[in-house]
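Q: Quick one: structure below, then a few questions.
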Amino acid sequence: MKNFSKICFGCEPLGGTDSGKVDLNDIKKAIYRALDLGVNFFDTAGVYGLGLSEERLSRILGNYRHKVFIATKGGLSWHESNSIRQTIIKDSSPNAIRRDVDSSLTRLRLDCLPIFFIHWPDINTPMRDTFNELSKLQNEGKINSIGCSNFSAKQLNEAIKVAQIDFVQLPLNLLRGGLNKEISDICSNEKIKVVAYNVLENGLLAGKLNKKSDFPKNDRRSRLALFKGKQFIKALDEVEQLKIKALENNKNLLEYSLNWVLMQENIISAIIGIKNLNQIEQNCSAVL
């Protein structure tokens, strides 16, 4: 199989939750266009749409699901709730991890998951228990590579003592700054590949938001402090300064932001949540 594409097609919008207005047909067209453009890396998770993202991705890809890299994530459980939003808890106990892997295999219609990430570390489950179970699942042929998402340097060090960790997934962008040096050193020493997410800081670094931008309740930005009041105004001011830097480097803000991420040490791909053809074309043209 080829190397990972620099752009990883983020499939959270495919779950239909937290991404604002979503047209599944538009995403379907974007996935087909992504394949044409050489994108061979897709990122999803069991929790995205409570399983819907995985099911829809499998259905849209069809037989192509065997020809691309699909990364999914587990370690989050959801329970029925009287509220609109389900109750989500971190659960990386051995039984939960085995359930999550089997569920993802079923929804994605795969015999083996190319990459399975622990979505968020579960401080209530010993790291050894979680990663011993992942090693068992790997030996059974249900997982090819094991990954850690949102782990601290200390937690990552604990994990690599138990299992072979091939991938780390962390937020990284121009506004947040570079990768934590301690984590970067671990990745270099252990030959762990880094997949960056939130590389456009929820759309701020696409350069299209302004002071009049507002976000519906089904868009997670409506709940984030960064997109409210003085914090939002400050962030927009920072974006304007970055636009100037981008022009000084003969790039637009999108190009400058994505290439900055991809130039960081150990980064192999940048996840971008895609909702339509225009987004996949713009992002791919910025780096490919």
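The values are calculated or read from the model by the stated rules, or taken from the named source; none is laboratory data. Since the structure is predicted, the reported quantities are computational estimates derived from the model, not experimental observations. Note that we place each Cβ from the backbone using ideal geometry, even for glycine, and neighbour counts take in every protein chain shown. Just so you know, the surface numbers come from the protein's heavy atoms only, side chains and all, with ligands and any DNA or RNA stripped out. Shrake-Rupley method; radii C 1.70, N 1.55, O 1.52, S 1.80 Å.
Q: State the number of residues belonging to segment 138-161 that are in contact with a strand residue (DSSP E or B) (Cβ under 6 Å, 6 or more places away or on another chain) and buried (at least 20 other Cβ atoms within 10 Å of the Cβ).
A: 6
Q: Within segment 154-173, is even one residue in contact with a Pro (Cβ under 7 Å, 6 or more places away or on another chain), more than 25 Å from S19 (Cα to Cα) and either at pLDDT 95 or above or of a type in the set (S, T, N, Q) (or both)?
A: Within segment 154-173, one or more residues are in contact with a Pro (Cβ under 7 Å, 6 or more places away or on another chain), more than 25 Å from S19 (Cα to Cα) and either at pLDDT 95 or above or of a type in the set (S, T, N, Q) (or both).
Q: Looking at (1) touching an Asp or Glu at 6+ places or on another chain (Cβ under 9 Å); (2) open to solvent by 50 Å² or more (accessible area, probe 1.4 Å); (3) outside any loop (DSSP other than H, G, I, E, B); (4) not basic (K, R), which is the one condition that is false for D102?
A: Result: D102 passes all but (1).
Q: Continuing with the same structure: Starting from segment 241-259, keep only residues that are farther than 20 Å from S5 by Cβ, then list their pairs with residues that are at pLDDT below 95 whose Cβ atoms are within a distance under 7 Å, requiring at least 6 positions of separation or different chains.
A: Between residues of segment 241-259 that are farther than 20 Å from S5 by Cβ and residues that are at pLDDT below 95, the close pairs are K243/G207; L253/G207.
Q: With respect to the numbered conditions (1) under 30 Å from E255 (Cβ atoms); (2) crowded, with 22+ Cβ neighbours inside 10 Å, which one is the sole condition not fulfilled by L134?
A: (1)
Q: Another question about this same structure. Would you say N250 is outside any helix (DSSP H, G or I), under 22 Å from I280 (Cα atoms) and at pLDDT 95 or above?
A: yes
Q: When you check K67 against the structure, is it open to solvent by 40 Å² or more (accessible area, probe 1.4 Å), among the charged types (D, E, K, R) and modelled with pLDDT under 95, yes or no?
A: no
Q: Going by the structure shown, is A30 outside any strand (DSSP E or B) and aliphatic (A, V, I, L, M)?
A: It is true that A30 is outside any strand (DSSP E or B) and aliphatic (A, V, I, L, M).
Q: Output the residues belonging to segment 9-53 that are closer than 14 Å to Y64 by Cβ, of a type in the set (V, I, T) and touching a Ser or Thr at 6+ places or on another chain (Cβ under 7 Å).
A: Across segment 9-53, the qualifying residue is only V39.
Q: Tell me, which helices (runs of 4 or more DSSP H) wholly within segment 111-222 include 1 or more residues that are out of contact with any Gly (no Cβ under 8 Å at 6 or more places or on another chain) and touching a residue at least 60 places away in the same chain (Cβ under 8 Å)?
A: Helices (runs of 4 or more DSSP H) meeting the threshold: 181-190.
Q: Turning to a different aspect of this structure: Looking only at segment 1-46, which residues are open to solvent by less than 50 Å² (accessible area, probe 1.4 Å) and among the β-branched types (V, I, T)?
A: If the condition is that a residue be open to solvent by less than 50 Å² (accessible area, probe 1.4 Å) and among the β-branched types (V, I, T), then I7, V22, I27, I31, V39, T44 are the ones that fit.
Q: Another question, if that's okay. Report whether or not I274 is β-branched (V, I, T) and open to solvent by 80 Å² or more (accessible area, probe 1.4 Å).
A: No: the conditions fail for I274.
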